[in-house]
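J.: My questions will all concern the structure given below.
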Amino acid sequence: MSKNTPQAIRGTQDIFGADAEAFAFVVETFERVRKLYRFRRVEMPVFEKTEVFSRAIGETTDVVSKEMYSFEDRGGESLTLRPEFTAGIARAYLTNGWQQHAPLKVATHGALFRYERPQKGRYRQFHQIDAEIIGAAEPQADVELLAMADQVIRELGIEGVTLHLNTLGDGDTRAAWRAALIDYFGAVKGELSEDSQERLEKNPLRILDSKDPRDRKFFADAPKIDDFLTDEARAFFDAVTSGLDAAGVKWVRAESLVRGLDYYRHTAFEFIPDEGSEAASKLGSQSTILGGGRYDGLMESLGGAPTPAVGWAAGIERLAMLVGERGEAVADVIVVVEDDSRITEAIGAIQAARAQGLVVELIAEGSPRKRYDKAVKRGSTAIVSLQRDLAHSFKCDGEPNPVTLACFKAYT
């Protein structure tokens, strides 16, 4: 390869072969399951006005302050490549009048962009599947969304993964808990990490997300959300957990699972590989494979009316890693043209077979004497060979589908 050949940008990847098949399997499974739950497909712009993400995600978050790909277009407007789906979907809900469809269940998948340190299972251009329910305040919406996520994971064949679940309470709960956390961590502010000291007044819940040992040593005695739950918030969480039990979704309580932004309410969750499981060994430190929560206050941050909503997203690359290698589809029949004068016949026959839903591959390049051996190596249910010494007939090895035989008898 020439030194002048352009290289791939760091943090991006070219997906091919078995990796591409695993990627496609994740998407195909997601698409099939979302139809079972009657989630409507949406396609979103790859870029939005920067304010959509800064207002929705939060100015103080790492995503907005450090990781977004933002640029000024020729008209002088600040635009940003989408780092997530939820903000754009919320914007579309408000600007397109989708309120008329509430409760609206939507799903999408595609590329996202974040400028962060590339590592195992994490890229600067990455891909997610995403599902949202907007306009439903009832806990049954949370249950349905979580049941859908659980089914996607199970139908991908991924084992050893458990739903970690917590409640963030309602507005009154969060306000009381937030004040208690400020008092508690404020008393030891000088011993906290620099990031947590900065978050103390702006976003104290995010301190509980810290991986810094200087912060974690204070977590055990930190105020717990359960001590501040209102009766309404407790009843909501009980309805979610009882619904999950009825749906057969296994879960564990994760009191340390939080969402820092003020518009998050009630349910927060992550699907995490069990310690010691094969999934955990494949992912390493990047443990969460699917996560989300209820964000009842998001629409207000974008200038809309208060609107309940809940959603989740999962990285396709991480799911594909857990799915493992998947071979390409085996052909129902490979057509070998051993006499170049019969290529036109072969083309007509294979198109007729494909119209009947058969997977057909044509081998008509290279040395005619080596084509049949090439077909044997690739593998298929049947091999049809068009030969010079069998004029207007063919040789068929294997166990061909009756449609295959019908198509080729019509053309040869």
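J.: Take the residues in the stretch 263-279 that are of a type in the set (Asp, Glu) and surrounded by fewer than 18 Cβ atoms within 10 Å (Cβ to Cβ); name whichever of them is nearest to Asp170 (Cα to Cα).
T.: Asp274
J.: Among Asp227, Asp212, which is within 29 Å of the chain's Cα centre (by Cα) and either touching a residue at least 40 places away in the same chain (Cβ under 8 Å) or over 30 Å from Thr29 (Cβ atoms) (or both)?
T.: Asp212
J.: Turning to a different aspect of this structure: Would you please name the residue that is surrounded by the fewest Cβ atoms within 10 Å (Cβ to Cβ), looking only at residues in the stretch 36-57 that are farther than 19 Å from Trp98 by Cα, out of contact with any Lys or Arg (no Cβ under 9 Å at 6 or more places or on another chain) and not hydrophobic (A, V, I, L, M, F, W, C)?
T.: Glu51
J.: Being touching a helix residue (DSSP H, G or I) at 6+ places or on another chain (Cβ under 6 Å) and among the polar types (S, T, N, Q) narrows it down to one residue among Thr108, Thr167, Thr162; which is it?
T.: Checking each option against the conditions leaves just Thr167.
J.: Within the stretch 147-202, take every residue that is acidic (Asp, Glu) and not in a helix (DSSP H, G or I) and give me the one that is farthest from Asp231 (Cα to Cα).
T.: Restricting to residues being acidic (Asp, Glu) and not in a helix (DSSP H, G or I), the top hit is Glu159.
J.: Across the stretch 196-208, what is the total count of residues that are charged (D, E, K, R) and either at pLDDT 95 or above or surrounded by 16 or more Cβ atoms within 10 Å (Cβ to Cβ) (or both)? Spell out how you get there, then give the answer.
T.: First pass over the stretch 196-208, keeping only residues charged (D, E, K, R): 198-199, 201-202, 206.
Keeping just the survivors that are either at pLDDT 95 or above or surrounded by 16 or more Cβ atoms within 10 Å (Cβ to Cβ) (or both) gives 199, 206.
Number of matching residues: 2.
J.: On the given criteria, is Gln140 in contact with a His (Cβ under 9 Å, 6 or more places away or on another chain), assigned by TED's automatic domain parsing to the domain that holds Phe30 and either crowded, with 22+ Cβ neighbours inside 10 Å or not basic (Lys, Arg) (or both)?
T.: Details: in contact with a His (Cβ under 9 Å, 6 or more places away or on another chain): no; assigned by TED's automatic domain parsing to the domain that holds Phe30: yes; either crowded, with 22+ Cβ neighbours inside 10 Å or not basic (Lys, Arg) (or both): yes.
No.
J.: Could you tell me which residue of the stretch 210-249 is surrounded by the most Cβ atoms within 10 Å (Cβ to Cβ), considering only residues that are touching a helix residue (DSSP H, G or I) at 6+ places or on another chain (Cβ under 6 Å) and of a type in the set (Ser, Thr, Tyr)?
T.: Ranking the candidates gives Ser210 first.
J.: I'm told Val403 meets every condition in (1) at pLDDT 85 or above; (2) assigned to a helix (DSSP H, G or I) except one. Can you identify the failing condition by its number?
T.: Single failed check for Val403: (1).
J.: Residue check: is Arg154 basic (Lys, Arg), surrounded by 14 or more Cβ atoms within 10 Å (Cβ to Cβ) and under 24 Å from Leu36 (Cβ atoms)?
T.: Criteria met by Arg154.
The values are calculated or read from the model by the stated rules, or taken from the named source; none is laboratory data. Predicted model only: the values in this text are computed from it and were never measured. Cβ: placed from backbone, ideal geometry, glycine included. Neighbour counts: every protein chain shown.
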